[in-house]
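In what follows, a structure is listed as structure tokens, so that the remarks can point back to it.
The values are calculated or read from the model by the stated rules, or taken from the named source; none is laboratory data. Since the model is a prediction, treat every value here as computed from it, not as a measurement. Ligands, DNA and RNA are stripped out before the accessible areas are found, and what is left, the full protein with its side chains, is counted by its heavy atoms. Shrake-Rupley method; radii C 1.70, N 1.55, O 1.52, S 1.80 Å.
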Amino acid sequence: MNSRELLKKKQRIVIKLGSSTITHEKTGALNLGKLEKLIRILTDLTNQGKELVLVSSGAIAVGRKALGLKTKPTEKSLKQACAAVGQAKLMMVYQKLFSEYNQTLAQVLITKYTMLNDISRENAQNTFRELLQMHIIPIVNENDTVSTDEIEFGDNDTLSALVAALIHADLLILLSDIDGLYTDDPTKNPEASFISIVGKIDETICNMGKESATSLGTGGMTTKISAARIATDSGADMVIVNGKDIHILEDVLAGKNVGTLFKAHKNHGFELMDYIKTKQYS
């Protein structure tokens, strides 16, 4: 059985949604039609017995729209104000749409302190375990309203990988605005080649990282490769796919050859705290 076929058997899955995946490009407002399709797919996967955790970006983007800001905020206090407004609105939409399919969800807000503190980290781990056993979908985001420069993750690619490691997930899927990993930036270099499978993350792969040009997201390919290092070292496969068509999520779990697959290579010396304390992911 090839690597793609093995994805069909994955049971505990973390799915990360980028801001650009769930919002309209021109306005920054939520793409409700796309969200409805996504939530139907997620609920059906849960009905199949899969355990799902959703790491959702979009709080700042939604708050920015609600507050009438035309450009992405740069000041910490303004970002946090947008997050405070946007997180409530985003969860309200999720709650309404999931309830249409009788699917229960939970909100989990995490800061870096949650991971650094032994008691908080264990409590978070226990909470995730209980929620998943009850077939509840946790929706995770960084607690932007209280994070500071010193204790923030900075992007949800990193956060999703750390959550995957924390809950011992066997697959991490990053839904983004890119098709996957290329040898160079395909928007600037037409000769850039697409990479379907990465067996080992070495210096050559790391050098392929490019920063994101989107006005909505915070992470580029560099953060995604760093997330892949965390996920694969913890024992989870990771796939980067373009979330423009939300049904690509079904394609990934059907074993189709879409996106870039980073193959797990369980590092028996893996310690989650090493990644957090030494910032190896940044």
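The length gained on full extension between Lys244 and Glu25, counted as 0.36 nm times the residue separation minus their Cα-Cα distance, comes to 77.8 nm.
Tell me, what % of the accessible area of the chain is carbon and sulfur with a 1.4 angstrom probe?
It is 49 percent, rounded to a whole number.
Pairs of Lys residues in segment 21-175 are counted when their Cα atoms are under 16 angstrom apart and they lie 8 or more places apart or on different chains; the count is 10.
In a fully extended conformation the segment linking Ala66 and Lys89 would gain 7.4 nm over its present Cα-Cα distance, using 0.36 nm per residue.
A cut-off of 5 Å between modelled amide H atoms, ignoring neighbours fewer than 5 places along the same chain, links Thr23 with Asn31. Amide hydrogen proximity for Gln107: with H placed 1.01 Å from N in the peptide plane, the residues at 5 or more positions away or on another chain lying under 5 Å are Ile139.
Taking max minus min of the alpha-carbon positions on each principal axis, segment 1-104 gives extents of 49, 31, 23 Å, largest first. With 10 Å bins beginning at zero, the pair-distance distribution over Cα atoms of segment 74-141 amounts to 18, 38, 35, 10 %.
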